[in-house]
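Working notes, beginning with the structure itself.
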Amino acid sequence: MSKFTGITSLFYKLNKGRKIILAYHNVIPDKYFKDSINLDYSIKESQFRKHLEVIKKRFNVGVNLDNPMELTVTFDDGYKNQYLIASKILDEYNMNGYFFYAADLLDKKEILLIDKIQYWLDYICPGEYENKKYDLVLNIDDINSRRKQWSKIQGLIDKKVSFEEICYILDEMYSFKNINVDKKFYDLRFTPIKEYELNIMKDSGHKIGAHSASHNRLSNMKNDDLIKDIDRCKILLNKGIYNTKTFCYPFGGVEDVSEEAMNIVQLKGFSKGISFMNTKLKDREYSPFFIPRMTLPNTDDEDYIDFMLSGAYYFLKNGRLFPKIKKTSRKEYNYE
């Protein structure tokens, strides 16, 4: 409807010269892609390729976040599939992107705790599991039941129960060691990118940026812990592991990123902060330390992808066009 009534074309015109930043997570081979919690923000390899086919017809793609004439592609977290699949596909299309990498993946060389929680929920054997301390009962069966239990876990997160504590609870219910998944899938989805692989990506022109250390919800963290977390990212920046001063907030919504977190990121020497916004803002405006991104649907439908890229859907949800970059001085930019 949008295509044939001219709405898509209209919004491409209205959003001309406005910055578009796309957010991705994992790019997974089609044969491994299943309906599961840990893949909710991931995409099939074939669909990712289709996205890029549509994008290259409409946009120049680049890593200059201050250039509204370039679309910028970003990825969060730092797992192996982003090196082996996503970055290689971008290389094929002669495109560069941002890969925001959580410091714990390099320092601890193991799965992030938020992904560990989702891994448990997705692959635990069916059954009933109970924790009396938090009056928590998890009834695990099909994917629908697992999603309901994920809502219960999110309730604990909202109450500021730490990821460490949740992992401890789950491990008591059923040991992580006893969970089995396909090894090739596990390596792609849950194994961190290694330092030498990050260097290969940088040599290809990609940007490796900070994504916090622990991938915790920054708004839930105590001030001292927040400072320590971002300090660890600053260390990697100073070492050259990160080759951009752009910081990407985990989760990235208004409720996930406090004003305090944004201030600390700026004080620690980062030049920009990337958020993750697909909803209407209420009490905050876009700024260089709260730059919005959007996601595309998991589809290979060209008209649907076009509809999203035009900004028509963004306008329906947010009541505004894509953000407009405004130059306030020779070197400084803001958003309106």
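Observations, loosely collected:
- Consider the range 281-300 and keep the residues that are out of contact with any strand residue (DSSP E or B) (no Cβ under 8 Å at 6 or more places or on another chain) and under 17 Å from residue 314 (Cβ atoms). The one that is modelled with the highest pLDDT is 299.
- Summed over the range 220-234, the residues that are in a helix (DSSP H, G or I) and closer than 13 Å to residue 259 by Cα give a count of 3.
- Evaluation of residue 306 against (1) part of a strand (DSSP E or B); (2) under 27 Å from residue 54 (Cα atoms) (one fails), failing number: (1)
- Looking only at the range 174-217, residues that are among the acidic types (Asp, Glu) and either touching a strand residue (DSSP E or B) at 6+ places or on another chain (Cβ under 9 Å) or closer than 17 Å to residue 26 by Cα (or both) come to 3 in all.
- Screening residue 252 with (1) on the phi < 0 side of the Ramachandran plot; (2) within 19 Å of the chain's Cα centre (by Cα); (3) part of a loop (DSSP other than H, G, I, E, B) gives one miss only, at (1).
- When the range 102-133 is limited to residues that are out of contact with any helix residue (DSSP H, G or I) (no Cβ under 8 Å at 6 or more places or on another chain) and basic (Lys, Arg), the one that is modelled with the highest pLDDT turns out to be 132.
- Check on residue 278, surrounded by fewer than 16 Cβ atoms within 10 Å (Cβ to Cβ), of a type outside the set (D, E, K, R) and modelled with pLDDT of 95 or more: no
- Residue in the range 238-246 that is without any contact (Cβ under 8 Å) to a residue 24 or more places away in the chain, within 30 Å of residue 4 (Cβ to Cβ) and either outside the structural domain of residue 58 (by TED's automatic domain parsing) or over 17 Å from the mean Cα position of the chain (by Cα) (or both) present: no
Residues are listed down the side, and each one gets a yes or a no for (1) in the same structural domain as residue 20 (by TED's automatic domain parsing); (2) buried (at least 22 other Cβ atoms within 10 Å of the Cβ); (3) within 15 Å of the chain's Cα centre (by Cα); (4) on the phi < 0 side of the Ramachandran plot:
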residue	(1), (2), (3), (4)
248	yes, yes, yes, yes
256	yes, no, yes, yes
261	yes, yes, no, yes
286	yes, no, no, yes
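- Some residue of the range 135-150 being outside any helix (DSSP H, G or I) and closer than 18 Å to residue 111 by Cβ: no
- Elements of type helices (runs of 4 or more DSSP H) in the range 1-116, at least 3 residues being in contact (Cβ under 8 Å) with a residue 24 or more places away in the chain: 7-14, 45-58, 87-92, 103-107
- Residues satisfying the stated conditions in the range 224-235, i.e. among the hydrophobic types (A, V, I, L, M, F, W, C) and either closer than 12 Å to residue 266 by Cα or buried (at least 19 other Cβ atoms within 10 Å of the Cβ) (or both): 226, 227, 230, 233
- With respect to the stated conditions, residue 55 fails to be buried (at least 20 other Cβ atoms within 10 Å of the Cβ), of a type in the set (A, V, I, L, M) and not assigned by TED's automatic domain parsing to the domain that holds residue 251.
- Taken as a whole, the condition of being touching a Phe, Trp or Tyr at 6+ places or on another chain (Cβ under 8 Å) and either modelled with pLDDT of 95 or more or under 30 Å from residue 287 (Cβ atoms) (or both) applies to residue 20.
- In the set 42, 2, 87, only one residue is at pLDDT below 95 and out of contact with any Leu (no Cβ under 6 Å at 6 or more places or on another chain); that residue is 2.
- Once the range 309-336 is narrowed to residues that are of a type in the set (Gly, Ala, Ser) and more than 22 Å from residue 54 (Cβ to Cβ), the residue that is modelled with the lowest pLDDT is 329.
The values are calculated or read from the model by the stated rules, or taken from the named source; none is laboratory data. All figures in this text were calculated on a predicted structure; none of them were measured in a lab. Ideal geometry is used to build each Cβ from the backbone, glycine not excepted, and the neighbour counts take in all protein chains shown.
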